[in-house]
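One structure is given here, and the rest of the page talks about it.
Each reported figure results from applying straightforward, stated rules to the coordinates on display, with no laboratory input. Everything quoted here is computed from the prediction, not taken from an experiment. Glycine gets a Cβ as well: all are built from the backbone with ideal geometry, and neighbour counts include every protein chain shown.
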2 protein chains.
Amino acid sequence: MAVRIAELSRRTGVPVPRIKYYIREGLVDHGERTQLNQAEYEERHVRRVRLVRALVTIGGLSVAETRDVLTRLDRPSPPLDSVLGEVMAAIGRPKSIRDDAHGRAAYDVLEGLAERRGWRFHPENPSVASVVEAIAVMYDLGLEHLLDRLDVYAESAERVAAADLEMIGRLAESDAILESAVVGTVLGEVVLDGLRRLAHADASGRMFPG
Amino acid sequence: MAVRIAELSRRTGVPVPRIKYYIREGLVDHGERTQLNQAEYEERHVRRVRLVRALVTIGGLSVAETRDVLTRLDRPSPPLDSVLGEVMAAIGRPKSIRDDAHGRAAYDVLEGLAERRGWRFHPENPSVASVVEAIAVMYDLGLEHLLDRLDVYAESAERVAAADLEMIGRLAESDAILESAVVGTVLGEVVLDGLRRLAHADASGRMFPG
């Protein structure tokens with residue numbers, strides 16, 4: 001099949017101007033030019049536009065982050081172990097770790113947690129800065145009691161991560177592995193956060209019936 | 001204590017123009033005017049600016065969502081049960097549920113999950129639309145195998161939500177309960193997502209040593 005941009009838009013649910021923007025930004029390939037001002041798109045364009053939409057619109061990645069991730073996904077037969085790490089790193093931009101008193105206290109909390117659970121990760125993993133920042137703000141607001149739940153959070157994160165990796169390990173082909181890892185990480189967060197809020201709704205419904 | 005805006009900025013880490021923007025948008029009260037073009041701020045302003053920063057900058061809420069949440073937090077001695085639900089609803093804007101074939105398939109998946117786990121929630125809970133959208137995109141991309149992990153996600157979400165509610169239940173005073181619920185929900189997501197990525201890093205390090 002080869003379709004015009006209007007059909008590409010219809011099949012992906014992404015408006016034409018936004019598809020053109022993705023093409024300008026290098027996230028989606030140009031179509032095959034057939035006549036002046038006409039281009040035709042293939043099945044691979046449909047898939048690519050859907051993937052970009054998943055990362056940008058639903059996952060909340062920036063265009064720059066999305067470009068980094070896709071560049072790594074696009075390399076021909078990459079060595080799986082190195083690319084998996086690179087792709088995951090590209091999903092979060094490096095951030096500096098907050099370095100005032102509450103930032104350092106938060107870092108100690110995270111370090112203690114990692115030690116208790118035997119987690120090993122690179123200290124420059126962008127998630128370190130995110131977690132430290134969120135914990136530091138709990139200290140800023142005098143809401144340290146929110147940290148009581150940290151080990152429950154970590155245990156749940158560990159179970160979810162193990163299920164993710166187990167699923168990835170069952171996939172045969174490396175393309176699908178990388179795409180699944182990226183989409184699974186980004187959309188997995190949306191699902192996990194949404195389910196947590198639904199579970200909250202259920203639990204508060206039981207706490208305050210009626 | 002009563003301080004100028006420069007000191008308010010220093011103590012909260014929020015730049016002066018941004019504080020002025022929060023004041024213009026009604027998220028933070030005006031200071032007490034002392035002379036022409038001078039205003040003084042109290043301890044409650046420090047706390048409020050930090051809370052707004054937590055919700056907007058770290059939690060990623062929009063200014064409109066933040067205003068909704070704060071309006072509900074600000075009511076004098078509100079009945080806890082109704083306000084808790086309202087505050088949680090204000091964190092997520094109502095969205096329409098995707099209604100094409102994959103959207104309906106995704107809704108069925110979520111409904112089945114809720115039935116298996118005995119969860120009850122309002123069908124207009126904004127998280128329903130988010131979860132349905134994310135699952136529908138997995139169908140769009142032909143990555144349905146990502147759904148294998150859904151029950152593990154739900155179980156983890158349930159444990160985390162139970163720990164959250166248990167923590168809330170231990171708090172004595174209703175102001176702290178509402179603020180803790182809001183901050184705990186918004187920053188809790190940042191912590192949970194970050195820990196999941198760190199657990200991923202640990203698990204892939206074990207899968208691909210070196």
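Quick one: compute the contact order of chain B, relative version, from alpha carbon pairs under 8 angstrom and 6+ residues apart, as a percent.
For chain B, the relative contact order is 19 percent.
Can you work out ³J(HN,Hα) from phi for every residue in segment B:39-52, in order, using Karplus 6.51 cos²θ - 1.76 cosθ + 1.60 and θ = phi - 60°, giving whole Hz and x for Gly and Pro?
Once θ is set to phi - 60°, the couplings for segment B:39-52 become 9, 10, 10, 9, 3, 5, 5, 4, 4, 5, 4, 4, 5, 4 Hz.
Please compute, for the alpha-carbon atoms of segment A:156-200, the extent along each of the three principal axes and give them in descending order in Å.
Sorted from largest, the Cα extents of segment A:156-200 read 38, 17, 10 Å.
What nm distances, shortest first, do you get from the label point of B:G26 to those in the other copies when the point sits 7 angstrom along Cα to Cβ?
4.4
What FRET efficiency would be calculated for the residue pair B:E115, A:H145, taking the C-beta separation as r and a Förster radius of 30 Å, to the nearest 0.05?
Computed FRET efficiency for B:E115 and A:H145 comes out at 0.30.
Defining the label point at 7 Å along Cα→Cβ, can you sort the distances from B:A2 to the same site in each other copy, shortest first, in nm?
Between copies, matching label points for B:A2 lie 7.6 nm apart.
List the trypsin sites (Lys or Arg not before Pro) in segment A:1-103 that DSSP assigns to loop (not H, G, I, E or B) and whose Cβ has at most 14 other Cβ atoms within 10 Å. Which are they?
Answer in residue order: A:K95.
Enumerate by residue number the GluC sites (Glu not before Pro) in segment A:106-207 meeting two conditions: DSSP loop (anything except H, G, I, E, B), and at most 16 other Cβ atoms within 10 Å of the site's Cβ.
Filter output for segment A:106-207: A:E124, A:E173.
Please list the non-local residues whose amide H lies under 5 Å from the amide H of A:A39, H modeled 1.01 Å from N, same-chain partners needing a gap of 5 or more.
Those qualifying (amide H under 5 Å, at least 5 residues apart or on another chain) are A:I5, A:T34.
Plugging the Kirkwood radius over Cα pairs into Stokes-Einstein for segment A:1-109, at a temperature of 10 °C and a viscosity of 1.306 mPa s, what D comes out in µm²/s?
Estimated diffusion coefficient is 99 µm²/s.
What lysines could a cross-link reach from A:K20, if we take a straight Cα to Cα line under 29 Å and drop same-chain neighbours fewer than 8 places away?
B:K95
One decimal, nm, shortest first: give the distances between the label point of B:D108 and those of the same position in the other copies, each label point 7 Å from Cα along Cα→Cβ.
So the label point of B:D108 gives 5.5 nm to the other copies.
Give a quick list of GluC sites (Glu not before Pro) in segment B:42-86 that DSSP marks as loop, anything other than H, G, I, E or B, with at most 15 other Cβ atoms within 10 Å.
B:E42
In debye to the nearest 20, how big a dipole does the protein assembly as shown give about its Cα centre with +1 on each Lys and Arg Cβ and -1 on each Asp and Glu Cβ?
Computed charge dipole of the protein assembly as shown: roughly 1080 debye.
In square nanometres, what is the average projected area of the Cα convex hull of the protein assembly as shown?
So the Cα hull casts an average projection of 23.3 nm².
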